[in-house]
Structures are given as structure tokens and as C-alpha cells.
Amino acid sequence: VCTGNTCRSPMAEHLFRKMLADAGLSEIQVDSAGVSPAAWLSTPFEMKWALEQEGVEKIVHSPRGLTQDRMTSADIILVMEEGHKAAVLARFPELKNKVFLLKEYAGIPGDDKEISDPFGQSKDVYRRTLSEIKEALVKVLDRLKNR
């Protein structure tokens, strides 16, 4: 989950799908959503470019919001910022045991657990953001493999 579901959470969604497929875990379903979905925005070129650098191609994405079904059917809800966590829990307080910051769930050390929004910035910023997301997803994948 991110803000508009145009950058961070779709990058995480598409990259994690590829990582799961590469690991032979395609049965795990991945989705993304935004607390304020920007349905009027198209997928940023910079996002597609960053994902292509990781071998993720043919990205088709439309921003989606937090629906009752999407949230309650999830086993784990990973968010990019504390504000996203608060927004999810404000609408779905019963999910408090399923909502984590991505870096928190991944067990990445340090005080800065948020992933900054690259929206409107350069390809290099998108690439760095995706690298940060990937670092966390590698650890999440290891955690899922060992469940």
C-alpha cells in the first residue's frame, strides 16, 4: 500500500510477482492499492523503466484503492509509510495484526522504516526507490520460504 498506487506499491507488486515466480512460488498472490488512488494518472514511464531494469516487462497497471475485500482477504498488508499504516487502520482497525511497514516486516535494521515517494522525480530516483523496495522484498521472500 502507498499513497496513489502509481509508484511504490505497484513497483513492489510487479517486482515481487517476478521474484515469487522465479522462486517457484507463483501460488502466492500479490496485489497493491493506494490510500488515495490516483485513478486519473497513467503509469509513470520512470516506474516502468525502473522495473524493466529488474527484468519486469509488459506492465499493465491502473491505480486501485483500499476495498473491504482486498484488505480482509490479505494475509499480510505491507505499507510504505507510517501514514499509510494509519490510513489502513483508520478504515480497517480489525486488521491491526496484519499491517506492517515493508521494511519493518522485512526486518531491515535502522530507524528509517519508510520508503520515500519518487512521484514526479527522475529515473534515477525511481531506480533507487525500487532498489530499496527490492532489498526489503528479498528478505520478505526469505521469510515466506521459511514459514
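The values are calculated or read from the model by the stated rules, or taken from the named source; none is laboratory data. Since the structure is predicted, the reported quantities are computational estimates derived from the model, not experimental observations. Heads up, the Cβs are rebuilt from the backbone with ideal geometry, glycines too, and the neighbour counts pull from every protein chain shown. To get the accessible areas, we keep the full protein, side chains included, count just its heavy atoms, and leave off ligands, DNA and RNA. Shrake-Rupley method; radii C 1.70, N 1.55, O 1.52, S 1.80 Å.
Things worth noting here:
- Modelled this way, with points 7 Å down the Cα-to-C-beta line, the labels at Glu104 and Arg17 are 2.7 nm from one another.
- Net length available on complete extension from Gln121 to Leu89 is 8.6 nm, with 0.36 nm assigned per residue and the Cα-Cα distance removed.
- Magnitude of the charge dipole, the stretch 90-143, Cβ model with Lys/Arg +1 and Asp/Glu -1, debye to 20: 200 debye
- Distance between the stretch 1-61 and the stretch 67-115 - C-alpha centres, whole angstrom: 17 Å
- A simple charge model with +1 on the Cβ of Lys and Arg, -1 on the Cβ of Asp and Glu and nothing else charged puts the dipole of the stretch 41-145 at about 300 debye relative to its Cα centre.
- Among the GluC sites (Glu not before Pro) in the stretch 51-85, those placed in a DSSP loop whose Cβ has at most 10 other Cβ atoms within 10 Å are Glu57.
- Rounded if a/c under 1.5, otherwise prolate or oblate - the stretch 56-131, Cα gyration tensor axes: oblate
- On the stretch 46-147, 45 percent of the accessible area sits on carbon and sulfur atoms, based on a 1.4 Å probe.
- Rounded if a/c under 1.5, otherwise prolate or oblate - the chain, Cα gyration tensor axes: rounded
- Highest GNM mean-square fluctuation among Lys98, Lys48, Lys58, for the chain modelled with Cα contacts below 10 Å: Lys58.
- Contour excess over end-to-end distance, with Cα ends at Asp111 and Arg147 and 0.36 nm allotted per residue: 10.4 nm
- Set against the 2.2 N^0.38 Å expectation for a compact globular protein, the stretch 17-104 has a Cα radius of gyration ratio of 1.18.
- Length added when fully stretched, Val138-Lys58, from 0.36 nm per residue minus Cα-Cα: 26.6 nm
- Probe 1.4 Å, accessible area per residue of the chain, Å²: 53 Å²
- Total formal charge among the other residues, if their Cβ is under 12 angstrom from that of Thr67, Lys/Arg +1 and Asp/Glu -1: +1
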